[in-house]
1. From the residues in the stretch A:162-184 that are part of a loop (DSSP other than H, G, I, E, B) and out of contact with any Ser or Thr (no Cβ under 9 Å at 6 or more places or on another chain), which one is farthest from the other protein chains (Cβ to nearest Cβ)?
2. If you scan the stretch A:241-255, which residues turn out to be within 13 Å of chain C (Cβ to nearest Cβ) and either more than 25 Å from A:M87 (Cβ to Cβ) or of a type in the set (K, R) (or both)?
3. What residue, of B:R10, B:R24, is open to solvent by 40 Å² or more (accessible area, probe 1.4 Å), part of a helix (DSSP H, G or I) and either within 12 Å of chain A (Cβ to nearest Cβ) or free of Cβ contacts under 8 Å to residues at least 24 places away in the same chain (or both)?
4. When residues of the stretch A:141-157 are filtered for being assigned to a helix (DSSP H, G or I), open to solvent by 10 Å² or more (accessible area, probe 1.4 Å) and at the interface with another protein chain (Cβ under 7 Å from one of its Cβ atoms), how many remain?
5. Please enumerate the residues belonging to the stretch B:393-409 that are in contact with a helix residue (DSSP H, G or I) (Cβ under 9 Å, 6 or more places away or on another chain), open to solvent by less than 30 Å² (accessible area, probe 1.4 Å), assigned to a loop (DSSP other than H, G, I, E, B) and within 11 Å of chain A (Cβ to nearest Cβ).
6. Suppose we filter B:E93, B:E154 for residues that are assigned to a helix (DSSP H, G or I) and either closer than 29 Å to B:C234 by Cα or within 8 Å of chain A (Cβ to nearest Cβ) (or both); which single one remains?
7. Test of understanding: among A:A309, A:A280, A:A268, which residue is of a type in the set (A, V, I, L, M, F, W, C) and part of a loop (DSSP other than H, G, I, E, B)?
8. Within the stretch B:171-197, how many residues turn out to be more than 9 Å from chain A (Cβ to nearest Cβ), open to solvent by 10 Å² or more (accessible area, probe 1.4 Å) and not in a helix (DSSP H, G or I)?
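The values are calculated or read from the model by the stated rules, or taken from the named source; none is laboratory data. The structure displayed is predicted, hence computed values, not measured ones. Here the Cβ positions follow ideal geometry from the backbone for every residue, glycine too, while neighbour counts run over all protein chains shown. The accessibility values were calculated without ligands, DNA or RNA, using every heavy atom of the protein model including side chains. Shrake-Rupley method; radii C 1.70, N 1.55, O 1.52, S 1.80 Å.
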Amino acid sequence: MTGFRIANGGLIDRSTNLTFKFDGKSFKGHQGDTLASALIASGVHLMGRSFKYHRPRGVISAGASEPNALVELREGPRKEANTRATMVELYDGLIATSQNRWPSLENDFLAINSLASSIFVAGFYYKTFMWPKTFWEKIYEPLIRKAAGLGTASKEADPDTYEKSYAHCDLLVIGSGPSGLMAARTAARSGARVILADEGSALGGSLLFENEEIDGTNGLSFAQTIIAELASLPNVTLMPRTTIFGWFDGNIFGGLERVNDHVAVPPAFEPRQRYWRIHAKRAVLAAGAEERPLVFGGNDVPGVMLASAMRHYANRYGAAAGKSIAVFTNNNSARRTVGDMKDHGINIAAVIDTRKNGKIINVKGGKGVKSIDLSDGSHFECDAVAMSGGWSPIVNLMCHRGAKPIWNEIIAAFMPPDVGPQFRAIGSASGKMLLSECLNSGIVAGTLKGKTPPTPKCKDEAFAIQPFWWVKESTSKAFIDYQNDATAKDLPLANREGYGHVELAKRYTTTGMATDQGKLGNVNAIAILAEAAGKSISEMGTTTFRPMYTPVSFGAFAGPFTGHHFQPVRKTPLHDWAIEQGAVFVETGLWMRSSWFPKAGEDWLASASREVKATRAGVGLCDVSTLGKIDIQGKDAGAFLDKIYCNTFSTLAIGKARYGLMLREDGVVFDDGTTSRLADDHYLMTTTTANAARVMSHIEFCHQALWPELDVQYVSVTEQWAQMAIAGPKSRATLQKLVDGLTLNDETTPYLAAKDITILGGLTARLFRISFSGEHAYELAVPADHGNMVARAIMQAGQEFEIVPYGVEALSMMRIEKGHVAGGELNGTTTAGDLGLGKMMSTKKDFIGRMMATREGMVDPARQCVVGIRPVDRTMKIRSGGHLLKQSDRPSMANDQGYICSVAWSPMLDMWLGLALLSNGRARHGEVVKVFDGLRGHHYLAEICDPVHFDPENRRLHA
Amino acid sequence: MKYSIFSLLRNSFSGHKNWQPAWRNPDPKPEYDIIIVGGGGHGLATAYYLAKEHGLKNIAVLEKSWLGSGNIGRNTTIIRSNYLLPGNNPFYELSMKLWEGLEQDFNFNAMVSQRGVLNLCHTDAQRDAFARRGNGMRIDGVDAELLDAHAVREMYPYFDFENPRFPIKGGLLQRRGGTVRHDAVAWGFARGADMRGVDVIQGCEVQGIDIENGKVVGVQTSRGAIKCKKLALCAAGHSSEVASMAGLKLPIESHVLQAFVSEGLKPFIDGVVTFGAGHFYVSQSDKGGLVFGGDLDGYNSYARRGNLPMVEHVVEAGVAMIPALSRIRTLRSWGGVMDMSMDGSPIIDKTSVHGLYLNAGWCYGGFKATPASGFCYAHLIAKDEPHEVATAYRLDRFRRGLVLDEKGQGATPNLH
Amino acid sequence: MLIPCPHCGTRPVEEFTFLGDATVTRPTSLEPSSMDAWMDYVYLRDNPRGDYTEYVHHSGGCRAWLVVKRNTDTHEVDSAVATKTMKAKT
């Protein structure tokens, strides 16, 4: 607990004082701090507990790869679990809580897991918890589930908002360190549209904390000058706080911009985060390299951190990790830490270099480093350890589309694969370990046209790594995957047990499966596994890199399309009229349809029953605008429809409508509807509401792909027309009052007439004498904008006949009374024959589905076909979904005869009745079957009958 | 070595240095009685049951990559037997029963966890369809419950019940449904098969099928020619490729399905829940990650990865169903190659080539079927007769018009 | 993934609907003996890994059915031609 704030320097604003809370205790920090840096500067190293052993853990890194310092940030509905303290910008009033510990971070009861760690090795749970059998779900698993997981998520709705945005550019630069800045500036100066994105809160990458000298100035001011120039250019978009999390087909990148995560609450009208889809003509990966930990005993004690992280905290945030530091390395880069710490007046207790055979065996200390033991038997007191096991280019994005990184012996790291000119790696992300190479590769990549400008001058430092992975002499635990508590010994164990493939070892040991996805530990794991398996690292290879580079909130992916805006709402042209009439609406796909029109005190059943009775006694008006309407024209329109429908339309008389049935190519019924011929070369098709879009696509396919030679055009006019059914014995008298200059009678408008007319003194309209209700009925279509007005006029005209509006509930009651098939029967598995419409299939022409409809299984008499069904006890309510059995049979799938598809209360027949699909049903009218409704514990007898329950002679239709 | 707490303790004293491999790593022999192509869940289960139920020993499983590297290693771990059609449900119920005794059977803890599968419904028509489905389960003695909105709210009070757009009207619950630790299923079957003498051979890619006089006689592989009397294909998304080596064309297309996992969380959701008004389903693993998925990307693909539009589509539905998901983070996405059949149901059958058997077309329902698929395929291979619960999975059902189309979508694989 | 629609330009994948193999041809014969050809057309697919020719509908755009050449392994799109144009040429 000896971290402290260095007196001067850094990019923090020391004039500000920000107060924040961690585990209820108050601390202070400055503008520019991260939560991690402010805690370190406050002397707090213990920030979390590990997953399995609940070991005390401190911060390891200074960036997105952090596996240990995860907190629950904020409270209430804004609480976010597993938030990296290293990425949280400090703000006044910040509240953070440690996680995965009970009762407190200091004293975690489950740390006793460490005692059993000799049993809790990799994969132990696959070998036990099997006996007695019932204990797994009752005892073991609930305990494991409770103990597992990290942070606790809020179960309240998120009060913040999110946005989605799209961007296009000539060059996307991912990362704003030395190479990224060079690439961006070079491309920008040539006029290219450049996006420069960086996950950090400030642009500059490593120049924000490394001491460099470039072109005679220090690295930071070099960066700031370039950033200022880029900011002034109109063709450049700077995107700090934006993580490019994935690379997708078409050179599309996913990005997450943390717009307001650095404040307590987003300002009004601003989103918390913005999700980006960036389409880049070219992109460069300038994401830098990740420093690797070394694997040695106690390498997880709070106070052990990456050498680069230690100088990052000191140089950028003025936060010292300790007063006396040991440095453990296998390469030259850690020298920077030695030098920088000395500059800050911090004691260097020891430098242990594996290239000189120095090794730390064990770190002593529980909740903070106290001392280290070396392999040569020496012992040093210190309060922090900086480690550097080498550097791995951050290749993740370049491997998101399947390419594998390539092992490089010289830098002892995996290099990005060549994925083509659209996406190149530069700088240390491409394995360049010298600053001059980084700057140069950026300039080269940014030169989209013209000559390559000169590279700025700078000092280089040789990397000089000698690979070293694991101090095997360590007696205490040496961690590879910190968060998941995978140790170095787990990997040889996995190999020994047959899980030696890198992907199997990952799954068996959980190495690389934590929230950091192995950013720090995977290469160490691969090296140790390779050694155990007697393979080279190159042969062993990596596991699969997949999106997301860092985790992305659900909210960002969802953007504004949540809650009520999850899907668009489609309202019919008669929506306002329906509201005036007191409609209750129901969702039908995206549509809102009027369902029933209750009067005071009525429930849905009373309302719909009244609507049916009034319609059948007088007249009713129903909004049927949601039916699909497709206008089809051309000299071959009739021939075309003959191919689409199984029945014939080319012979339909002008001015007439016909019920049509279409099949899929596999012979099953696709859709039905009424199609009218308005002129020799002009038809109007209607489809079901549910299939309107699919039928349109089908028609387009049939014409464009199958029969392009036909002269036919088609367009959806569903949205252009408001359509109303006017049904009942008084429908003609009602309509007559609106129609211009036409006497409605069986001569001028016989059954199935279809004609263009005008109404209300010149308003365009179409009139169809068709009926779904079984009544003498019409459908009237008017241009959508006039829908409400015409509906009101009809209501007025029908007043003397006590006209009622009726909704889809009443519509459904009437269609079931009449045995008309709809969604419940047109379920995508029924044939025309099943629906009792087999005779509609023409034998004189080719049509979609004709051949497949002839297969033996499609014409089997045992197929389930549509029948009517009524309870034997006429007072009983029946429901959809009951299965049918022969009276003598026991319930079983083998004995299953069919099921009830649609039911309704029949106001006319005063009982519940329905339609069912029953094996060989047409031959079984009159049979009494058993209805099995186990879900509702209701079994009863029902009578099979003709599907037409009401007015079987169709007298009312022609009345 | 039998796995138990005692063997764990014993091995802990010797620093776990004495564990034996879970399976051998044999070189292929020149000839086998039966070769199974594909070392995924179904292939390994087939080998296991051939050895265990039929006493056959001279069997090899050939896996071109690592063991369990196919869809058994990249699914969303759900088990259920809530199917609709008579040809399907008895099969999936057999699978459920095998799951229920699997771990003791193969002495490997695959963490079979029956925490319930709940399908939400949002309209009367959906509820009717669930009633039909649920009664079809109940009629055969399979557990199913139809819940109203109130009962769903008792289970998951933080779902969006107030959404005026797609209100949750209830759901169909199968309490015996749940999840299984997917990788462990492959490992358990591999170990069980290996112990019974089966050669599980990794890194051995089948490159050709040798047929003489209409009869299978062997395979050409990346590790040489291997003779066999019977050849059983079990290659999931790559079935068409392998079958084409025998000149067969299948009623199958390969499509990519993405799935996702969140960061690890303390218990958030207990069972498996599917949204009925969009493409989203979710469960939580024992480790704490929310495992979720939705729909196919829609285009034919052999790439084990997808694209952003489907990610957005799935997550939008997730947040619509559970608004509290908004601040939870998606950790990782991946894709599996699905053998989408023309009617959405699988095939376990002989082929027109003598001695060549086919197990394919699992769409995205293959994981839950793993034990029964292996069990029934083993039965078919051993006896040359289909198992009684798998008689509908015949290859000629397309020609005969006896398709098993649960969704009623017809011959369009990406709609199943 | 992006598809170069010949009418609308390069557009994102979510505007398109994929139907499958465009190399199959609908038989013209209605004789029972042609059932093999019908089976091939309706149900059987080469399902290649690699180069693939498929029907794609620009359902969220110009509504044209396209024949797209695409690699099913890499998702690289090679070309997209309107079905009608293609049929007119043959």
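1. It comes out as A:S176.
2. A:D249, A:G250, A:N251
3. Values: B:R24 fails: part of a helix (DSSP H, G or I).
Going through B:R10, B:R24 in turn, just one is open to solvent by 40 Å² or more (accessible area, probe 1.4 Å), part of a helix (DSSP H, G or I) and either within 12 Å of chain A (Cβ to nearest Cβ) or free of Cβ contacts under 8 Å to residues at least 24 places away in the same chain (or both): B:R10.
4. Qualifying residue count for the region: 3.
5. B:G401, B:L404, listed by residue number.
6. Among B:E93, B:E154, only B:E93 is assigned to a helix (DSSP H, G or I) and either closer than 29 Å to B:C234 by Cα or within 8 Å of chain A (Cβ to nearest Cβ) (or both).
7. Working: A:A309 fails: part of a loop (DSSP other than H, G, I, E, B); A:A280 fails: part of a loop (DSSP other than H, G, I, E, B).
Being of a type in the set (A, V, I, L, M, F, W, C) and part of a loop (DSSP other than H, G, I, E, B) holds for just one of A:A309, A:A280, A:A268, which is A:A268.
8. 5
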